[in-house]
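**Q** I'd like to ask some things about the structure below.
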Amino acid sequence: MPKTVAQSKLVENVRTIVDNSRTHSVVCDLPAAKGGQDTGPTALELAVMALADCAVTIFADVAKKSKIEVTNVEVTAEADKPADSPVLSGVKLKVKVSAKARKQLIQAVWRRTEANCPVVAIFKEQIPVEVELETTTVE
């Protein structure tokens with residue numbers, strides 16, 4: 001089974017660099033109020049950003065394959081996170097589409113987008129995570 005691999009490395013304080021094991025990397029950090037220097041999005045923000053981006057990308061791809069000319073697609077992901085919780089309690093996607101197609105066709109493209117977007121699946125379905133912890137004691 002093909003693997004998607006990401007690797008993150010601590011740079012300084014709580015700032016990290018995460019890469020996709022190809023040629024792309026992103027700096028992540030915490031806001032100053034949380035002890036970081038705010039030099040990049042937090043990992044949770046990056047996950048919500050990935051959700052919005054994946055929805056746009058898959059929608060554009062499905063529309064293209066359906067021979068629907070799209071002039072604009074914007075997805076805003078609004079994630080709710082209670083202050084006393086480390087996890088999100090819900091996410092709302094606001095989708096704006098302009099296309100040369102009937103509303104019913106655009107809705108069908110969105111349904112196929114939801115069914116085929118891997119990041120939407122991550123948010124909607126529980127995916128098992130296996131952890132292997134390797135430690136080194138430094139003296």
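The values are calculated or read from the model by the stated rules, or taken from the named source; none is laboratory data. Quick caveat: nothing in here was measured; it's all calculated off a predicted structure. All Cβ positions, even for glycine, are placed from backbone atoms using ideal geometry, and neighbour counts span all protein chains on display.
**Q** What tally of residues in the range 49-97 results from selecting those that are out of contact with any strand residue (DSSP E or B) (no Cβ under 7 Å at 6 or more places or on another chain) and either not assigned by TED's automatic domain parsing to the domain that holds residue 114 or not aliphatic (A, V, I, L, M) (or both)?
**A** 13
**Q** Quick one: would you say residue 74 is assigned to a strand (DSSP E or B) and either more than 13 Å from residue 54 (Cβ to Cβ) or in contact with a Lys or Arg (Cβ under 6 Å, 6 or more places away or on another chain) (or both)?
**A** So residue 74 fits the description; yes.
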